[in-house]
Amino acid sequence: MVTPIEDYAVLGDTETVALVSREGSIDWLCLPRFDSPACFAALLGTPEHGRWLLGPAEPATTTRRYLEETFILETVHETPSGRVRVTDLMPVGDGRSDVIRRVEGLDGTVRMRHEWVVRFGYGKVRPWVSRSPVHPHDDDVIAAIAGPDMLVLRGDRLPHGEDGHHRDDFEVSAGETVTFTLTWFESWRDIPPPLDVDEQVASTRRRTDAWADRCTYEGPYRDQVVRSLLTLRLLTDTRFGGIVAAATTSLPEDPGGQRNWDYRYCWLRDASLTLEAFLACGYVAEARVWRNWLLRAVAGDPQDLQIMYRVDGSRELPERELDHLPGYAGSAPVRVGNDAVSQRQMDVLGEVMIALHEARARGLETDGEAWAMQLALVDELADHWDEPDNGLWEVRGPQRHFTHSRVMVWAAFDRAVRAVEENDLDGPVDRWRELRDRVKAEVLEKGFDEQRNTFTQHYDTNEVDASLLLIPIVGFLPPDDERVLGTIAAVERDLLSDGLVLRYRTQSGVDGLPGDEHPFLACSWWLVSAYAMAGMPDKAQALMDRLVGLLNDVGLVSEEYDPQNERMVGNFPQAFSHLTLIGAAHAMAQAQQTGASSSGQQIPSGP
């Protein structure tokens, strides 16, 4: 039986992420990086494609939580015979790739099942496995090696190997502790020494709690905002500075369908929006790290700007299909790489310029190289701004003049103008002002349907698109403008599905893909922001309450939600979903502040 996406929690060390199920099975882990091949790939196949199970051997009632504001996962299993607690984490800041799993007996005696199946190469490559002491006086370790990759399993009680699997059943009674550690390293290197587990748990807790304590947000839904910030941090590679869109590939937008994409890369758009979320909550240092990553990634001819890169800033990520994996819930093909890398998406520079403008406004020092890079990119945009593109949603159909793309072109020129006006930077501001005005006039003429009183998805249709909700958010028009209010109403009429927002109507055929999809959660959080900004607090509150109710028991959420079957769909955890949650909470807090200031009433504290 397929494990529901919402039944997964995540562990991470800010260089990669593991997905662990409620039953205690690590079903997805790429080492050493987010975009490395998986060594546990059961998420997209079966246990035969690799997993690490550590859970009760009999039916149990399970509860779990993260330890305070960390990604140290505590899972309590209760069986008729007793209770155990499993603590899972990946140490942060130790310069290694490790997973720690500790079982503690709380009451009675619980029989545990341990299964360790390593398959490198996304579940395809069966390693050579051996068991021996590293040194004559050390305890035994289990080592799995294939090509450049090697994993070592250490523990108080190692499982027994047979036919490519290592299994063991053992009992844990109250007061007993059994600990296991997994370490990845390059196979030509010496086996690293064992971890000081207690120190790594304590250090990881200190580091993560200290980071969370820097959050300046004090508005409604603060717990959900902090957990979302932590999730975004987990998806940020602290060694390189790249921010990945999600930790997984090919979790389907429609189970059984073909809309399965690899999101383990750094989209400039998603990363820029993540940076805005960090900045809004007081994390300015993160802006500096990302700006440095951006300078490295886009270095070269501005014409060569890509919409996405690998976490280290490299450019090659060709898309291919993994035929040996059946896919999550039979959703084939499983893809690695992403051909959207070659698409033209005119909105991307607008998001980058907004993020860097916000960084300057919040105190990030102006860097000459960074401004020179922005200057070159905006000049390149000035020569090509009126060309059609694939749009925000990366349609694989014909290129169009998407209204959202044009709005973001306006935003790029607008922030460039403001950089000169507000930060005393040099640039051809007269040309940028003229282009900004031309773009706005064009959008208002060609991207707006006067008969329906709504902006449209692109210039050749009367269909609407959830991305139009960003028009007031980026400052293109005031939130109470009649055209904005009409667009909100059109989104409500055309794109609501069981009260949640679709990206667009796939039946229009605009994306060139077969099949359907479910409500895209970021779009629903955009609607919350639009409601709040437009003076509709009751609607904003009702939708926000519903959306935070979709978070799983440890505060995580995927890309989309299937309201009919009440399940998460799409890649997980999804940065876009978490960053728009943060944006919606801020929009509600600002609207409450404005209302309180004008009425003299106290701002509600939220849930």
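Judged by the mean number of other Cβ atoms found within 10 Å, the most tightly packed of the peptides 166-175, 13-22, 335-344, 386-395 leads the ranking 13-22, 386-395, 335-344, 166-175. Distance between the C-alpha centres of segment 246-264 and segment 460-487: 29 Å, rounded to the whole angstrom. Only aspartates and glutamates eight or more places from LYS539 in sequence, or on another chain, were considered; those with a Cα closer than 14 Å are GLU492. The separation of segment 1-43 from segment 101-150, counted between C-alpha centres, amounts to 16 Å. Ellipticity at 222 nm from helices only: DSSP H runs of n ≥ 4 in the chain, each -39500 (n - 2.57), divided by the residue count, give -10500 deg cm²/dmol. Extents of the chain, taken as max minus min of Cα coordinates on every principal axis and listed largest first, are 76, 52, 46 Å. The distance linking segment 278-303 with segment 500-569 is 28 Å (Cα centroid to Cα centroid, whole angstrom).
Carbon and sulfur together cover what percent of the accessible area of segment 306-348 at a 1.4 Å probe radius? List each step's numbers first, then the result.
Details: 710 of 1640 Å².
Whole-percent figure for carbon plus sulfur exposure: 43.
Sorting the segments 358-371, 549-562, 69-82 by their residues' average number of neighbouring beta-carbon atoms within 10 angstrom, most packed first, yields 549-562, 69-82, 358-371. At a probe radius of 1.4 angstrom, the accessible area of the chain per residue rounds to 38 square angstrom.
The values are calculated or read from the model by the stated rules, or taken from the named source; none is laboratory data. Worth saying up front: this structure is predicted, and the values here are computed from it rather than measured. Cβ coordinates were reconstructed from backbone atoms using ideal geometry, including for glycine residues, and neighbour counts include every protein chain displayed. These accessible areas exclude ligands, DNA and RNA; they are computed on the full protein's heavy atoms, side chains included. Shrake-Rupley method; radii C 1.70, N 1.55, O 1.52, S 1.80 Å.
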